[in-house]
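Worksheet: the structure to be examined is printed underneath.
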Amino acid sequence: MNPGHVWAFARYEIRRATARKKVLVLVVVTILISTIPVILIKSVGGSLLPPDDYPFLWVFGIFVVQGFFLPFTALLIAAGSMSEEYEQGTAEVLLSKPVTRDEYFAGKFSGGFLLITGVILLNATLSVTAATFTFGSQEALSVVPEVVLAQVYSALIFYSVAFMSGELVRRSSLSYIIASAVYFTSEIAGIVLRAIYGLTGNVLYQQINVYLPTTPVSSLPLQVGLPGLPAGAKYILTFIGSGPSETSVAFSIGLIALYAVVATTVARTYFNRVDIAKRVA
């Protein structure tokens, strides 16, 4: 593949998503999620947290997005990446240029993923900044780069699944529904399996739960960040329901890679073998 062609499609994908106001909506929501929690905590004074925990309030804004906001950010960006090109009839025009399908596919995929990376970086920056301005100097920030990297990597699962869905069904609305259904099914199944495990003690239910796609997504950033966090920061995490993970870092990394590779391979194989329609009604 020609790297220049791939980068050109990546920049095109970023501009396309920006023009459709997706980025603007995500930026606004990210700003709200990153700043409002610390403002609300500040408004209740010292009744919620002891002053000794104030230097670690940045963890709230960074980790609170992991369970729901980041997976849905991935779905929002990826589900329409391929399908909207078919609906608008632009896929055939773009592929009529002297470029290969692999260059087009790689550029679209990487462009959307760069947007997700930008949203994650923005959230981390705003979380630390908001906590600093509201509660003073923040501590234990050395773990932030590792946590952010883990969040970016964990976003691969639902980004790849939504990207695959968009290519297979070639309808943006249907793609959003399918990708969202995968997320909600996994999330609900995880809740049920953990509840049954708690009631019965049967490790089979716990073992099934760790293989669900939502498990490594929510686990990896915590697994990476917890060893470097002091007790005060860990105490704050209890307010958002974050706790020790059931899997290891290596297991989470491998499972994320497996889901992402399978979904991307299916999408790429289908894209390379199926004709490009002029326009999908």
Tally, over the range 91-139, of residues that are surrounded by fewer than 20 Cβ atoms within 10 Å (Cβ to Cβ), in a helix (DSSP H, G or I) and of a type in the set (D, E, K, R): 3
Members of the range 188-218 found to be of a type in the set (Val, Ile, Thr) and over 23 Å from Phe158 (Cβ atoms), listed by number: Ile196, Thr200, Val203
Number of the condition not met by Leu212 [criteria: (1) modelled with pLDDT under 85; (2) in a loop (DSSP other than H, G, I, E, B)]: (1)
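Based on this model, can you work out whether Gln151 counts as touching a residue at least 40 places away in the same chain (Cβ under 8 Å) and not in a helix (DSSP H, G or I)?
Details: touching a residue at least 40 places away in the same chain (Cβ under 8 Å): yes; not in a helix (DSSP H, G or I): no.
Here the answer is no, as Gln151 does not meet what is asked.
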Residue selected from the range 1-57 under the condition farther than 16 Å from Gly111 by Cα and hydroxyl-bearing (Ser, Thr, Tyr), by the criterion nearest to the chain's Cα centre (by Cα): Thr30
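Do we have any residue at all in the range 74-90 that's surrounded by fewer than 16 Cβ atoms within 10 Å (Cβ to Cβ) and in contact (Cβ under 8 Å) with a residue 12 or more places away in the chain? I'd like the intermediate steps shown before the answer.
So in the range 74-90, the residues surrounded by fewer than 16 Cβ atoms within 10 Å (Cβ to Cβ) come out as 88-90.
Checking which are in contact (Cβ under 8 Å) with a residue 12 or more places away in the chain leaves us with 88-89.
The answer is yes; a qualifying residue exists.
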Tyr176 closer than 27 Å to Arg16 by Cβ, in contact with a helix residue (DSSP H, G or I) (Cβ under 8 Å, 6 or more places away or on another chain), in contact (Cβ under 8 Å) with a residue 24 or more places away in the chain and buried (at least 23 other Cβ atoms within 10 Å of the Cβ): no
Close pairs from the range 105-118: first without any contact (Cβ under 8 Å) to a residue 40 or more places away in the chain, partner part of a helix (DSSP H, G or I), Cβ under 6 Å, at least 6 apart: Thr117/Val152
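The values are calculated or read from the model by the stated rules, or taken from the named source; none is laboratory data. Just so it is clear, the model here is predicted, and its values are computed rather than measured. Ideal geometry is used to build each Cβ from the backbone, glycine not excepted, and the neighbour counts take in all protein chains shown.
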